[in-house]
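Since every read-out is calculated from the coordinates, none of them should be taken as a lab result. Quick caveat: nothing in here was measured; it's all calculated off a predicted structure. Heads up, the Cβs are rebuilt from the backbone with ideal geometry, glycines too, and the neighbour counts pull from every protein chain shown.
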Amino acid sequence: MEITVTKKINPTTQISIKFDEEGDLKEALLKATPFMQMSGTCGACGDDKVILQARQTKDGKYIYVELYCPKCKAKQSFGEYKQPKGALFLKGKWEKYTPQPQA
Ligand SMILES: [Zn+2]
């Protein structure tokens, strides 16, 4: 089974992700779903230059995947299912940027 999702994220970036190592169609579809759902516009300000990015925690134990809007700094995070490994889901809401209190 093979599913390829090609998505234009912003005017200069297009990604193409192939899901071809999954056990069955349901699993491939599960993994492909958040990428089919994600929108190329910011849910907070509507700008169309969002970025798909990943960040790793300092201890290297967790990688965060998120859509980020450089214009208003809002982001939409991807969560990760416990099983199957590598299956992500898109969290519903865009979080508006709130400045972190100084430590
Ligand atoms: Zn925005």
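Listed by position, the strands (runs of 3 or more DSSP E) contained in region 1-86 that have at least 3 residues being within 29 Å of Q100 (Cβ to Cβ) and within 12 Å of the ligand (Cβ to nearest atom) form an empty set.
Considering only region 87-97, state which residues are part of a loop (DSSP other than H, G, I, E, B), under 22 Å from A32 (Cβ atoms) and touching a strand residue (DSSP E or B) at 6+ places or on another chain (Cβ under 8 Å).
To start, the set of residues in region 87-97 that are part of a loop (DSSP other than H, G, I, E, B) comprises 87, 91-94, 96-97.
Adding the requirement that they be under 22 Å from A32 (Cβ atoms) leaves 87, 91-94.
A87, K91, K93, W94, listed by residue number.
The residues of region 52-70 that are surrounded by fewer than 14 Cβ atoms within 10 Å (Cβ to Cβ) and within 22 Å of K8 (Cβ to Cβ), listed by number, are Q53, A54, P70. Summed over region 24-51, residues that are surrounded by 14 or more Cβ atoms within 10 Å (Cβ to Cβ), free of Cβ contacts under 8 Å to residues at least 60 places away in the same chain and either over 15 Å from N10 (Cα atoms) or among the polar types (S, T, N, Q) (or both) total 10.
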